[in-house]
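The values are calculated or read from the model by the stated rules, or taken from the named source; none is laboratory data. Quick caveat, the model's predicted, so the values are computed rather than measured. So basically every Cβ, Gly included, is an ideal-geometry build from the backbone, and we count neighbours across all protein chains shown.
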Amino acid sequence: MPYIPHTPRDQERMMRAIGIGAVDELFRDVPESLRLRKQLDLPEPLSEMELVAELNEIANANRGVDHYTSFLGAGAYDHFVPSAVNHLVSRSEFYTAYTPYQAEISQGILQAIYEFQTMVCILTGMDVANASMYDGATAAAEAAVMSLNASGRKRVLVSQFVNPEYRSVISTYLSGGLATVDELACPGGVTGIDQLRAMLDDSVASVIVQYPNFAGIVEDLEALAGECQRVGAALIVIADPISLGLLKSPGALGADIVVGEGQSMGNPLHFGGPYLGFMGARVKYLRYLPGRISGATTDGEGNRGFVLTLQAREQHIRRERAYSNICTNQSLNALAATIYLSLMGKTGLRRVAELCLNKSHYLAGRLCEIDGVSMAYEAPFFKEFVVRLPMPAEEVVNKLRTHRILAGVPMGRYYSGMENLLLICVTEKRTKEDMDEFVQRLGAIL
Amino acid sequence: MSNIPEELRYAETHEWVKVDGKRALVGISDHAQEELGDVVALYLPDVGKQVSKGDKLAEIDSMKTSDVIYAPVSGTVVEVNSAVDETPEIVNEDPYGKGWLVVIEMSSPGEVDDLMTAAQYAEVAKGDS
Amino acid sequence: MSRSTEPLIFELSSPGRLGVDLPRCDVPSVDPGKAIGQNLVSSTGPDLPELSEIDVIRHFTRLSKRNIGVDTSFYPLGSCTMKYNPKVNEDLASLPGFASVHPLQPADDAQGTLRLLYELEQFLVEIGGMDAASLQPAAGAQGEMTGLMLIRAYHMANGDSARRKILVPDSSHGTNPASAALTGFEVVEVMSNDRGGVDLEDLKRLTDETVAGLMLTNPNTLGLFDENIEEIVKIVHNAGGLAYYDGANMNAILGICRPGDMGFDVMHFNLHKTFSTPHGGGGPGSGPVAVKKHLTRFLPKPRVRKDSDGRYYLDNDCPDSIGKVRSFCGNVGVCIKAYCYIRQMGAAGLTEVSKNAVLNANYLLSRLKGTYDLPYDRTCMHEFVLSAENLKSSGVKARDVAKRLLDYGVHPPTVYFPLIVHEALMVEPTETETIETLDAFADAMIAIARESESDKEKVLGAPHETVVGRLDEVLAARKPDLRWKPRAGAAAE
């Protein structure tokens, strides 16, 4: 039996020590009526060799982005991952460890988390950060919950151009009567400040916007923050960490809580997971932060060390009074992000961001040369943008796929009336050649 | 045996009150801080908050547990001890002095008479430990 | 003694160094200030550390050596099922065919992954004795939250909006009451009886028409199988409530009995416990939920489905669904590893897992029960809870035993949980450990109990052999230092 080391002789010895004649006696507390008297209906076991063959066959039934030229984004991004990332996260001292409850033999993970927290603070301009959340969407939902707990208010406003997956998760999290959620429209592609002003009052715990937003547009956070401050509402910003190589940090522009999806920092696409959410906040939210936090301290001899700290916030101590139920997070993915950011450093991350900016602007310009294609919004964008096509975007996407191009995400899937709009993402991995072919193929279709 | 000053009044939930006219100075008892162990954080109300006797007034976290502090009297919170944010250990070290938590301006000062005397509270504390 | 420190990555930084090799830009450059607006563009870029690749490699390699995992040491951390993580599963989950699929690619491009997710759902349904499953929840706690939302949706659909209470035993995982509160329920604790199970009288007293459901782990957090389980579920059902099974302890009952057959309406699995996927130093996990028929229509969307041509697809047309609890389909990479494990073990193999996990636990229990207090002296399942209360006279507590175990090269048991046992030490050996490993652990535990008499300073001062000594957790909590900051003046460079 794989992975069970006992020989019959071992089992004999153990049973003798326990004082039983058969292993079955150990299950005497399970009522007879509940004992499963059949074998589970599962496929016949495979040897390791057979398993490898079977899984390769299953994997080969997929055709990932490597099979295409991909312009898909919308919350999951095909950024370059340096080889060093995978080598380091494959060290089994990291990946076969549990949550670092025993600090003295978990210094590696705890220090890496502390470094991750610092990097999140640096990128977001926040004072404090946690060890990670499940993904960007749940990080946004937990940020909303945090704003409710800290303010005692009961209402959240969410911009229409917050990723629809995120809006859906936020609604689910708040569905138990924790708060009402209202939507802010995005005329011209950005969160409408007049509507915001009209809806804001002191019942609003937080306003959630995305930076750059779902349409790729860089929102004017400073103006939004000013409105929020007027009524004491928190500005929650969902940020693309790659963009923060170039853009001012949300903290510098007045955000109170910054969350986001960290997948683009060293983690593969993997059909949606495992990814990682990150969360930073101003220090006044410290005691309301969900999840694990690593903190520096010393041992009796004065050596620096790290521990899980502020645990009284968490479910295992607060139980029903806890501000979140999160326990397991996405530690290994956060480690990958930490290693990614260490390799990139100050200039590398900026360089990646510049490549994205240059390339997306090149492609946007070229596409708009095609008759009938135009930018949907005249607003500043980073690596994603929305074009208006003279026909339904779904049709275009389907046709281009036959030419091995994943053209983007049709906005009509999420927003009615946007059937001809296509959301296109350009990362540093797309070459001029890729983009020129896209332009040529699209031109030929239209 | 924990310290239970004679001149204070106590709630069953381990808060103490020191009355000065309509002002009630509130903290937690020496017995309570002993039971909690190392106090690491307090969540105090904002000045101006109205509370009724028995309402949740604040929360307190220690290394091993987290607990609710209840309002021993009704009224308006007019002062909070911000020193406990930076140095929560003063609640352990000096629960009746530097470790005070809030001042409530009482709306019904008569409520104080319903609180326990030191002798009565000593019985409660003894039963608990 | 081998104390040492590792500098922070920021302390290793030197301006101008770069750890990646990025391509030249092959399109015309855009002026960021003009394209986006000067007010939104940073003049420098974030102050991340600057290192060459080799320095990054060495830093994190050294950090890895300051950590232990299942691959380095025995790890009997109760409630966490730290079994061996098969290496082949790591390789297979990272096959490019799996790793390179974008979640918004059309179903035709993801037939392999979708098939695997579909089949894994079926496997879990069979193992749990349920009717349908969703792999979307990212971890056990999120599975609980999802399950409670399903319970609420069920009652609401029946027009039964007065059910606001969730019952949890006093021995439950902290996530149970926290999940219930997060989903807007009132939490009511049920007492345990003197055998460590649910107190039936207390349960009856608390169960009425305001109860939405009961959350239960069985075997419970004491490692004990509640013999009254059928009665417990019946009490809740008779009052119109639903029963939620916390699957954290499934490793005890694979192929032996099933939550669905016990009467549970909804449950979650922890793939990172029962199904061998590594815990990653705190995640990623995966917490699929499985339900009986009457809850199926409320499951998170999208659902993975198979059409009559054998083609797999994601179905978003689920009008009664509670919605999404996480983006996309969940922690797919983790699901692939669990799928591999189930395919390799098969039905007979999974049953052997539980039998040997329970055998290992009872063997260790037999070796330790004379040395430590055993508050509930019964046959245990996959784990058991000792108490270090008997060492208290020497001043040694459960925490000290745990820290001293580090010097013996093993990860300690879970301490101070469950809350109903004083000085608790919760031991879960799992089925993947040899008798020699168990004996070495038992010997260490016995030696520490002796040391507590003969050389208690050694125990109280432990650990001695680790890279740092016992760390000051009170200081960390009172004076939070949660991020590195550049020294004043150093920023000017």
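Key figures for this structure:
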quantity: Criterion violated by C:P103 - all others in (1) assigned to a loop (DSSP other than H, G, I, E, B); (2) within 30 Å of C:N316 (Cα to Cα); (3) touching a His at 6+ places or on another chain (Cβ under 8 Å); (4) in contact (Cβ under 8 Å) with a residue 24 or more places away in the chain satisfied; calculated: (3)
quantity: Members of segment C:92-107 found to be more than 8 Å from every other protein chain (Cβ to nearest Cβ) and either farther than 20 Å from A:G73 by Cβ or among the polar types (S, T, N, Q) (or both), listed by number; calculated: C:A93
quantity: Residue satisfying condition, being under 23 Å from C:L148 (Cβ atoms), more than 9 Å from every other protein chain (Cβ to nearest Cβ) and either crowded, with 24+ Cβ neighbours inside 10 Å or not hydrophobic (A, V, I, L, M, F, W, C) (or both), within set C:R311, C:R303; calculated: C:R303
quantity: Members of segment C:107-162 found to be of a type in the set (F, W, Y) and closer than 30 Å to A:R401 by Cβ, listed by number; calculated: C:Y118
quantity: Those residues of segment C:313-329 which are touching a residue at least 24 places away in the same chain (Cβ under 8 Å) and at positive phi, in sequence order; calculated: C:F328
quantity: Conditions (1) at the interface with chain C (Cβ under 8 Å from one of its Cβ atoms); (2) surrounded by 16 or more Cβ atoms within 10 Å (Cβ to Cβ): number failed by A:R28; calculated: (2)
quantity: Filter result (farther than 19 Å from B:T13 by Cα, more than 14 Å from chain A (Cβ to nearest Cβ) and not β-branched (V, I, T)) within segment B:63-96; calculated: B:E79, B:N81, B:A83, B:E89, B:E93
quantity: Test for A:L335: is it closer than 24 Å to C:S43 by Cβ and touching a helix residue (DSSP H, G or I) at 6+ places or on another chain (Cβ under 9 Å); calculated: no
quantity: Subset of segment A:358-409 [more than 26 Å from A:L221 (Cβ to Cβ), in a helix (DSSP H, G or I) and of a type in the set (S, T, N, Q)]; calculated: A:N398
quantity: Test result for A:A296, more than 18 Å from A:Q111 (Cα to Cα) and either basic (K, R) or not in a loop (DSSP other than H, G, I, E, B) (or both); calculated: no
quantity: Of the criteria (1) within 9 Å of chain A (Cβ to nearest Cβ); (2) over 24 Å from A:Q111 (Cβ atoms), which one C:E473 fails; calculated: (2)
quantity: Criterion: aliphatic (A, V, I, L, M) and surrounded by fewer than 19 Cβ atoms within 10 Å (Cβ to Cβ) - qualifying residue of C:L350, C:L386, C:L368, C:L374; calculated: C:L374
quantity: So A:D256, is it more than 11 Å from every other protein chain (Cβ to nearest Cβ) and closer than 25 Å to A:T427 by Cβ; calculated: no
quantity: Some residue of segment C:453-467 being under 28 Å from C:Y376 (Cβ atoms), at pLDDT 95 or above and in a loop (DSSP other than H, G, I, E, B); calculated: yes
quantity: Residues within segment C:375-427 that are part of a loop (DSSP other than H, G, I, E, B), within 11 Å of chain A (Cβ to nearest Cβ) and touching a strand residue (DSSP E or B) at 6+ places or on another chain (Cβ under 8 Å), tallied; calculated: 6
quantity: Qualifying position, being surrounded by 24 or more Cβ atoms within 10 Å (Cβ to Cβ) and either acidic (D, E) or without any contact (Cβ under 8 Å) to a residue 60 or more places away in the chain (or both), among C:L63, C:L114; calculated: C:L63
quantity: Residue count for segment B:12-27, restricted to those that are crowded, with 22+ Cβ neighbours inside 10 Å and touching a Ser or Thr at 6+ places or on another chain (Cβ under 9 Å); calculated: 3
quantity: Any hit, segment C:68-80, residues being farther than 22 Å from C:V410 by Cβ, out of contact with any Leu (no Cβ under 9 Å at 6 or more places or on another chain), of a type outside the set (V, I, T) and surrounded by fewer than 22 Cβ atoms within 10 Å (Cβ to Cβ); calculated: no
quantity: A:G262 being within 21 Å of A:T118 (Cβ to Cβ), in contact with a Cys (Cβ under 6 Å, 6 or more places away or on another chain) and in contact (Cβ under 8 Å) with a residue 40 or more places away in the chain; calculated: no
quantity: The lone exception for A:A215 - which of (1) closer than 19 Å to A:L423 by Cβ; (2) not in a loop (DSSP other than H, G, I, E, B) it fails; calculated: (2)
quantity: Of all residues in segment A:98-119 being more than 7 Å from chain C (Cβ to nearest Cβ) and of a type outside the set (S, T, Y), the one that is nearest to C:M82 (Cα to Cα); calculated: A:L110
quantity: Yes/no for A:A131 being in the same structural domain as A:G273 (by TED's automatic domain parsing), over 30 Å from A:I339 (Cα atoms), among the hydrophobic types (A, V, I, L, M, F, W, C) and crowded, with 20+ Cβ neighbours inside 10 Å; calculated: no
quantity: Filtered residues of segment C:160-208 (kept if within 11 Å of chain A (Cβ to nearest Cβ), farther than 22 Å from C:C380 by Cα and assigned to a loop (DSSP other than H, G, I, E, B)); calculated: C:S161, C:R164, C:T183, C:G184, C:F185
quantity: Qualifying residue in segment C:470-478 (condition: in the same structural domain as C:A398 (by TED's automatic domain parsing), at pLDDT 95 or above, closer than 17 Å to C:V396 by Cα and not aliphatic (A, V, I, L, M)); calculated: yes
quantity: Segment A:303-332, subset modelled with pLDDT of 95 or more and more than 7 Å from every other protein chain (Cβ to nearest Cβ), residue farthest from A:L178 (Cα to Cα); calculated: A:F306
quantity: Yes/no for C:D131 being at pLDDT below 95, in contact with a strand residue (DSSP E or B) (Cβ under 7 Å, 6 or more places away or on another chain) and surrounded by fewer than 23 Cβ atoms within 10 Å (Cβ to Cβ); calculated: no
quantity: Those residues of segment A:376-407 which are within 13 Å of chain C (Cβ to nearest Cβ), surrounded by fewer than 17 Cβ atoms within 10 Å (Cβ to Cβ), more than 15 Å from A:Q440 (Cα to Cα) and not acidic (D, E), in sequence order; calculated: A:N398
